[in-house]
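The values are calculated or read from the model by the stated rules, or taken from the named source; none is laboratory data. None of the values given here were measured: they were computed from a predicted structure. Methodologically, a virtual Cβ is constructed for each residue, glycine included, from the backbone with ideal geometry; neighbour enumeration extends over all protein chains shown. Areas reflect the complete protein model, heavy atoms only, side chains present, ligands, DNA and RNA absent. Shrake-Rupley method; radii C 1.70, N 1.55, O 1.52, S 1.80 Å.
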Amino acid sequence: MDRLRLFLPLGGFLLLVVVLWLGFSLSDPHVLPSALLDRPFPEFELPSLKDEDKTLTVSDLKGRILLVNVWATWCPTCKAEHAELLRLKQRFGLDIVGIVYKDEPEDAKRWLRDYGDPYAFNIVDRDGRLGIDLGVYGAPESFLLNAEGEILYKRVGDVNKRIWRDEIRPRLEQLAFFKPGKQT
Amino acid sequence: MIGSRLNWFSACAAIVLLSVSGAAQSVIDAFEFDSLEQEARYQSLVAIFRCPKCLNTNLAGSDGAIAGDLRREIHRMVQEGKNDAYITEFMQTRYGDFVLYNPPFKVGTWMLWLGPLMVLLLGFAFLRRFLSAENTVMSDAERSELEKLLAQDEHTRTGR
C-alpha cells in the first residue's frame, strides 16, 4: 500500500499532462466561437459593389441559402480561398455573397475582373462596421445562412476542401440543398 | 571573485525584474472627448476588453486593425452617452464572452472559476494527510529498528 502511495504524485502529474494535452489540442485558441450562431444576420445599409447608388440591406440576403464571404484584396488567404469559392459556385450552384471588408471598391472590382467573380453580389463595408456587427476580426471569414437569413455556421479562416467536406456540405445536406437533379 | 559574482547576480536580478515590470502599453489614438470624465471612461473601457485577434492583449495595448476599429466604436458609444452596461453588451453579443477578461459565471465557465480553488483545496487535503502524525512521527517499532541499525553501523566502522 505504501508502495502505491509513492506513485500518487506521478499519477497525478500524468493525469494533468493528459488533461492539459487534450485541452490545448482540442481547439485553436485563435478561433473564437461565434456569438451569432442561430441568430439573424445583423441589419445593415451599405452600397453594392457593382452599383454604388444601390443600397443593400439584410432582406437582400433572405430567400435562399447563402454563403456570405468576408474578403479583401489586401488579404492573401482570400486569394488562396478564391479558387475554392469559384468551384463551389460552378460545381454545386452555391450562392455566394461577398462583403468587401475595409477595402477600396475600385481595387475590389479590378480584382474580380482579373481573378474571376463567384459572387452573386458584393456588399461594400468600407469602414468595417458590418464586420464588427458580425464579430469579424480578420479576413477571410464566412457565414452560412439559411433562407430565413439566420447564421447557421461561421468559419474563421479560408473555405477550403476540408471545410466544405466536414462543415459546410453536411449542413447543406441537412437543409435539403442537394435536391435530385443537382450535380453532387 | 565575490565582487564579479555579485555583479552577475545583480545583472540577472535586474533583467528579471525589468522584464516583469508590467508597464501598461497603449496605442495613441487622436480621439476627442467632451469631458475629462468621458475620456477616463473611455480609457478604462478599452483596458477591460480583450482584443479578439490577440490572445492576451486588451484593446488599449493592441495595434491590430480590429482593435483600432473597436476602440473607434467604443469612443463613438461613449460620446453618444451609452453606459458601461450597454457597451459591454455590445461587445459580448458580437464577440462572445472571450472578449471579457472576467468571463461571466455560468454553467460553461464554472470550471474556470472554481477549478483553481478546487485544486488548492485538494492540495491542502493531501498535505494534511502527508504531514499527519503517522507519516512524520516515528513509531516505537521504527525507533528500535533505527537504533539497531545505527549500532550495527557503529560496529562496522569502529570495529567495536
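Before moving on, here are some points about what is shown:
- Residues within region A:33-48 that are at pLDDT 90 or above and either open to solvent by 70 Å² or more (accessible area, probe 1.4 Å) or assigned to a strand (DSSP E or B) (or both), tallied: 9
Yes/no per residue for (1) open to solvent by 80 Å² or more (accessible area, probe 1.4 Å); (2) part of a helix (DSSP H, G or I):
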residue	(1), (2)
A:L22	yes, yes
A:S25	no, yes
A:V31	no, no
A:K50	yes, no
A:N69	no, no
A:Q90	yes, yes
A:V97	no, no
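- Scoring A:C75 on the criteria (1) under 24 Å from B:D69 (Cβ atoms); (2) free of Cβ contacts under 8 Å to residues at least 40 places away in the same chain; (3) touching a Pro at 6+ places or on another chain (Cβ under 7 Å) leaves a single failure, condition (2).
- Test: residue in region B:82-105 that is at pLDDT 90 or above, in a loop (DSSP other than H, G, I, E, B) and exposed (fewer than 10 other Cβ atoms within 10 Å of the Cβ): no
- Test: residue in region A:166-177 that is in a loop (DSSP other than H, G, I, E, B), free of Cβ contacts under 8 Å to residues at least 40 places away in the same chain and not charged (D, E, K, R): yes
- Residues considered: A:D28, A:D51. Of these, the only one that is within 14 Å of chain B (Cβ to nearest Cβ) and out of contact with any Lys or Arg (no Cβ under 6 Å at 6 or more places or on another chain) is A:D28.
- Answer from A:T55, A:T77 - the residue that is open to solvent by 10 Å² or more (accessible area, probe 1.4 Å) and over 28 Å from A:Q174 (Cβ atoms): A:T55
- Residue list for region A:141-161, filter: more than 14 Å from chain B (Cβ to nearest Cβ) and open to solvent by less than 30 Å² (accessible area, probe 1.4 Å): A:S142, A:L144, A:L145, A:N146, A:G149, A:Y153, A:V159
- In region A:124-138, residue nearest to the other protein chains (Cβ to nearest Cβ) [restricted to those that are open to solvent by 10 Å² or more (accessible area, probe 1.4 Å) and under 15 Å from B:R71 (Cβ atoms)]: A:Y137
- When residues of region A:134-156 are limited to those that are of a type in the set (A, V, I, L, M) and assigned to a strand (DSSP E or B), the one nearest to B:C54 (Cα to Cα): A:V156
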